2 protein chains.
Amino acid sequence: MPSCAWERLGEYLHETQLLGSIQSTLYWDQNTAMPKGGSSWRGEQLSLLARLLHRRQSSSQYESLIKEAEKEFQDSCLKGEFELNEKEARQRNLDLLIQDLSRQKCLDPELVAHLAKAKSQGYESWQEAKANNDFKSFQPALSTLISLRKEQAQQLNEPRSCWETLAQPFEPDLSLNRVQELFAPLRTVLPELLDKVRSLDKRKLKKWDLDESLQEKLCNQLLNDWGRDEKITALARSPHPFSTTLGPKDFRITSRVVKGQPLSSFLATAHEWGHSLYEQGLNFQSHQWFSWPLGQATSMALHESQSLFWENRVARSKAFSERFWRYFAEVGAPFDSWKDLWHSMNPLMPGLNRVEADELSYGLHILIRTDLEIALLEDDLPISELPIEWNSRYENLLGLTPQTDSEGCLQDVHWSEGLFGYFPSYLIGHLISAQLSQAMTRALGAQDTDPISTNILIGNESALLNWLRKEVHPHGRKMNAEDLVKKVSGTSLSSDPFISYLKEKLEMLNATS
Amino acid sequence: MPSCAWERLGEYLHETQLLGSIQSTLYWDQNTAMPKGGSSWRGEQLSLLARLLHRRQSSSQYESLIKEAEKEFQDSCLKGEFELNEKEARQRNLDLLIQDLSRQKCLDPELVAHLAKAKSQGYESWQEAKANNDFKSFQPALSTLISLRKEQAQQLNEPRSCWETLAQPFEPDLSLNRVQELFAPLRTVLPELLDKVRSLDKRKLKKWDLDESLQEKLCNQLLNDWGRDEKITALARSPHPFSTTLGPKDFRITSRVVKGQPLSSFLATAHEWGHSLYEQGLNFQSHQWFSWPLGQATSMALHESQSLFWENRVARSKAFSERFWRYFAEVGAPFDSWKDLWHSMNPLMPGLNRVEADELSYGLHILIRTDLEIALLEDDLPISELPIEWNSRYENLLGLTPQTDSEGCLQDVHWSEGLFGYFPSYLIGHLISAQLSQAMTRALGAQDTDPISTNILIGNESALLNWLRKEVHPHGRKMNAEDLVKKVSGTSLSSDPFISYLKEKLEMLNATS
């Protein structure tokens, strides 16, 4: 056992990380390889690991290790043993560990057990309700989850509202006021933009499709172009695309092929690769912080900003279609020029489904969910009114009404697992991506007003990645997402860059028909 | 916590099984999906699980649970609470648990740690030595492994020789005398048969190959024909084919495509499927013995007999080629009739490589390894003489001399991980398969003298499987492999059925040219 308390704490965190990554490996296998019959045993394996992890993360041994490391750290500081950078980093690691531990300790283990059970029951009930378009059958499970989450927020006893408290794990330091402030301009601008698009002549989008193996070929071409290192990354298929990190040199992403949507796997690959690049850029490859908070992603919104950057700013850009369309033409896509690919990448048609939404209407889907979950948790919106409220908001904001609850308020998995406070991260991710892109433009463009497009056009995306690797990825939980955006862009996060970007893109799309 | 000691023990075993199956899942992922860069972190995950498992399997809590269950069981027996079957099954479970535990307890934890390290160093050293054809560089690691294994046998202190003690985990109750007795006839018959084949005109085997996707298609056709249930089985690629069970309803097998050997993936699929069928037939689906010894495979030789049955007795049979060759012809194999497929399936050419050997010469590869590992462990054969001894035996028995140690005594992984006493199971598996096939023939054939072929010819392999599921698979560790063979076939295991089978097959092959 190391004599130094800091190292002893590090070893403990290391073992916790090992267990956590085993859990992620089981999840990966479940979604990419496991036959259906394996699900019940897999559930037992995962719940055993969850118990072991919870025990480790709330044990008195762990608490003592943190206290000893803190004491040792303070003694060393008094002796002036650390450089400023190192001192700040260690202090921040300790602060976050103490915060995470005290959250774990606030919770009654009985509540933790109830929540685990309610989540799995909620998920099952939701699956059935969605399949049968039967919201009523899901109501009791949802009601239980909401009560338990409220109870959890109460036990955590933070100087925050219930919804705010629950949003912290996804978006540290986010407040209700801040969400409303960030989203307010979008509530008017997005529907206006959508109206503009609607009133325009619709480009006739051709119906086409591509063989699975050809879609796979294009995805591989994309990842190779973007510098994928096969020694540390693997690709697979899963029902829902995701990205996960299973070890410091083991990154995985998945994609899926959707019949009749030949670009779906391609854009999903770009999206998940963006998530993975963020994780690959975290400061743990050559650094001691793997297993420590500073080696972990700072927020879901920042994570999403990275996936959206590669999906929307790069893969859906005009420059990318100009360069890449010939690969699509080669495998038989019905494209006469890059314009056909570009328009296919950007159909700009509002729909009822969040996951399939494009940049323009995506935000509206999030506004609706955010408002409704706040109403459920803070304003006592009766659960039975959820379908009506959902549908009327879709009518108002998107001009569409779901015909069934399955394509309405039952479409997303999140609430069925008790995830409240998660949805806003998706939209904040759009805002961050836009604001960071402006900063990148300033940084990379000397005479060039649009260095992002210039680099994409010549296949030099590594210039964009290098900037992200330097400015955005390596900080981990050193600062929260908003502080990071301010540090990098010089100004506080706002929705202005996102709105400007959307307006410009619409103009360009209309000018190119 | 259950009030019944038996159930408490069952819960403990269940959790052990969960951990063990997590280990197997990581192993599966490592061989089918993990990028190379993940190996070091994966090693740490596996060693953490090994530590947790060892702790569970040798803990005083576990010992008490067994003692309490034993006491409770004896009390219940006195009260006459069990039917005879149930009583015998419980007694056998307890006996095996006590045996396994006392083995764990005999071992000095320091030796266990040394062995774990020596295994991983041995494996690394072997990989390098094989790549560089440098046996000398591997000698120190092998020497360490042999000393540690000798030490292990001493600590286990069983009334058995060193080699016998080490062979127990693979082949319970096997003795040196018994191995020599079983193998003696093969030492003369196999070389004689090989000579006969050699003196015959060699059939001209065409060189051909098949596209990966077509090989995959044929493998799927095979598994579908053999009744694969996709809900509980999954198939993947790996560098070395294997079969594993990850949960009571989660069976996985892998195969590989070898350039220039278009039948390799097909036969590997048949082989691994045979392993999987045995596990699928163990008595745990509808029974309480999953996690208990009676729900586990009884020996490696019996396991191998099941894979060899499906690979050799079925897939390499004349009847199978007669029925299946048209699928090969359909995808472009250069076959004018079933005879071409059958001869391709049975080239009967002795080679230097065990894994690629056919039914005729396979046994010779095993005789050499068995003799040498016994000499290393019991007769102090100097390690430095291993290459010379290896080569002279290959010259004597197979008429071939390896040109390098890489294709000679460095070819197999087993010794590099300290696995001694494992090799004989492969050959005993051939003997068991032959003897069980005779019993199956008697059981299924009323008027028919060759019901196995008859059923294969009409695609009714399920008749063979049903017999195995009734007579062979469900016993688990209720009895050892030899007792099972005697129970099913009526006579003690011997090499006669295997030798008769080989002679008949050679005659048939010669008659069909």
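Restricting attention to region A:34-75, the residues that are within 25 Å of A:Asp100 (Cα to Cα), crowded, with 16+ Cβ neighbours inside 10 Å and either touching a strand residue (DSSP E or B) at 6+ places or on another chain (Cβ under 6 Å) or polar (S, T, N, Q) (or both) add up to 3. Can you name every residue in region A:228-242 that is under 23 Å from B:Trp41 (Cα atoms) and part of a loop (DSSP other than H, G, I, E, B)? Result: A:Arg228, A:Asp229, A:Glu230, A:Lys231, A:Ile232, A:Phe242.
For first residues located in region A:261-275 and closer than 17 Å to A:Leu341 by Cα, partners that are open to solvent by 20 Å² or more (accessible area, probe 1.4 Å) and in a helix (DSSP H, G or I) and lie 6+ apart or on another chain with Cβ distances below 7 Å form the pairs A:Leu263/A:Ser344; A:Leu267/A:Glu311; A:Ala270/A:Glu311. Residue count for region A:246-269, restricted to those that are out of contact with any Lys or Arg (no Cβ under 7 Å at 6 or more places or on another chain), assigned to a strand (DSSP E or B) and crowded, with 21+ Cβ neighbours inside 10 Å: 4.
Report yes if B:Lys105 is closer than 30 Å to A:His14 by Cβ, away from chain A (no Cβ under 14 Å), in a helix (DSSP H, G or I) and of a type in the set (Lys, Arg), otherwise no. Write out each step before concluding.
Working: closer than 30 Å to A:His14 by Cβ: yes; away from chain A (no Cβ under 14 Å): yes; in a helix (DSSP H, G or I): yes; of a type in the set (Lys, Arg): yes.
So B:Lys105 passes the test.
Mind telling me which of the residues A:Arg256, A:Arg316 ends up being at pLDDT below 95 and of a type in the set (D, E, K, R)? Step through it out loud before you land on a result.
Values: A:Arg316 fails: at pLDDT below 95.
That would be A:Arg256, the only listed residue that is at pLDDT below 95 and of a type in the set (D, E, K, R).
Just one residue in the set A:Asn85, A:Asn31 is open to solvent by 30 Å² or more (accessible area, probe 1.4 Å), touching a residue at least 24 places away in the same chain (Cβ under 8 Å) and in a helix (DSSP H, G or I); that residue is A:Asn31. Pick from region B:445-457 the residues that are modelled with pLDDT of 95 or more and aliphatic (A, V, I, L, M): which of them is most open to solvent (accessible area, probe 1.4 Å)? So the residue we want is B:Leu457. Taken together, B:Leu360, B:Leu348, B:Leu398 contain a single residue that is at pLDDT below 95 and either of a type in the set (Asp, Glu) or in contact with a Ser or Thr (Cβ under 7 Å, 6 or more places away or on another chain) (or both), which is B:Leu398. For region B:328-345, the set of residues classified as within 21 Å of B:Trp226 (Cα to Cα) and either buried (at least 17 other Cβ atoms within 10 Å of the Cβ) or within 21 Å of the chain's Cα centre (by Cα) (or both) consists of B:Phe328, B:Trp338, B:Leu341, B:Trp342, B:Met345, listed by residue number. Taking the stated definitions as given, is B:Phe183 surrounded by 15 or more Cβ atoms within 10 Å (Cβ to Cβ) and not in a helix (DSSP H, G or I)? Answer is no for this residue. Among the residues of this structure, B:Ala131 counts as one that is among the small types (Gly, Ala, Ser) and open to solvent by 80 Å² or more (accessible area, probe 1.4 Å). Taken over region B:1-24, the criterion of being in contact (Cβ under 8 Å) with a residue 40 or more places away in the chain, open to solvent by less than 30 Å² (accessible area, probe 1.4 Å) and more than 7 Å from chain A (Cβ to nearest Cβ) is satisfied by B:Ala5, B:Trp6, B:Leu9, B:Gly10, B:Tyr12, B:Leu13, B:Thr16. The residue of region A:458-513 that is farthest from A:Val314 (Cα to Cα), among those that are open to solvent by 60 Å² or more (accessible area, probe 1.4 Å) and among the aliphatic types (A, V, I, L, M), is A:Ala511.
Number of residues in region B:347-367 that are closer than 11 Å to B:Gln411 by Cβ and open to solvent by less than 10 Å² (accessible area, probe 1.4 Å): the value is 1.
Considering only residues in region A:199-216 that are within 14 Å of chain B (Cβ to nearest Cβ) and farther than 25 Å from B:Asp29 by Cβ, the one that is surrounded by the most Cβ atoms within 10 Å (Cβ to Cβ) turns out to be A:Leu214. Applying a threshold of 8 Å to beta carbon distances and a minimum spacing of six or more residues, or different chains, the list of pairs starting in region B:225-251 at a residue that is within 14 Å of chain A (Cβ to nearest Cβ) and ending at one that is open to solvent by 60 Å² or more (accessible area, probe 1.4 Å) and modelled with pLDDT of 95 or more reads B:Lys249/B:Lys231.
For B:Leu431, the requirement of being in contact (Cβ under 8 Å) with a residue 12 or more places away in the chain, out of contact with any Asp or Glu (no Cβ under 7 Å at 6 or more places or on another chain) and farther than 29 Å from B:Ala141 by Cα is met. Within region A:282-305, identify whether any single residue is under 24 Å from A:Ala439 (Cβ atoms), in a helix (DSSP H, G or I) and in contact with a strand residue (DSSP E or B) (Cβ under 8 Å, 6 or more places away or on another chain), and answer yes or no. No; the residues of region A:282-305 include none that is under 24 Å from A:Ala439 (Cβ atoms), in a helix (DSSP H, G or I) and in contact with a strand residue (DSSP E or B) (Cβ under 8 Å, 6 or more places away or on another chain). Among the residues of region B:25-59, those that are more than 7 Å from every other protein chain (Cβ to nearest Cβ), over 26 Å from the mean Cα position of the chain (by Cα) and of a type in the set (D, E, K, R) comprise B:Arg55, B:Arg56.
For (1) within 25 Å of B:Ala511 (Cβ to Cβ); (2) in a helix (DSSP H, G or I), each residue gets a yes or a no:
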site	(1), (2)
B:Pro334	yes, no
B:Tyr362	yes, yes
B:Leu377	no, yes
B:Arg393	no, yes
B:Leu436	no, yes
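Would you be able to say whether some residue in region B:351-359 is part of a helix (DSSP H, G or I) and under 20 Å from the mean Cα position of the chain (by Cα)? Among the residues of region B:351-359, at least one is part of a helix (DSSP H, G or I) and under 20 Å from the mean Cα position of the chain (by Cα), which makes the answer yes. Could you tell me whether region B:93-102 includes any residue that is surrounded by 13 or more Cβ atoms within 10 Å (Cβ to Cβ), among the acidic types (Asp, Glu), touching a helix residue (DSSP H, G or I) at 6+ places or on another chain (Cβ under 6 Å) and at pLDDT 90 or above? No, because not a single residue in region B:93-102 is surrounded by 13 or more Cβ atoms within 10 Å (Cβ to Cβ), among the acidic types (Asp, Glu), touching a helix residue (DSSP H, G or I) at 6+ places or on another chain (Cβ under 6 Å) and at pLDDT 90 or above.
The values are calculated or read from the model by the stated rules, or taken from the named source; none is laboratory data. Predicted model, so just to flag it, every value in this text is computed and none were measured. All Cβ positions, even for glycine, are placed from backbone atoms using ideal geometry, and neighbour counts span all protein chains on display. Side chains are part of the model used for accessible areas, which takes the heavy atoms of the whole protein and leaves out ligands, DNA and RNA. Shrake-Rupley method; radii C 1.70, N 1.55, O 1.52, S 1.80 Å.
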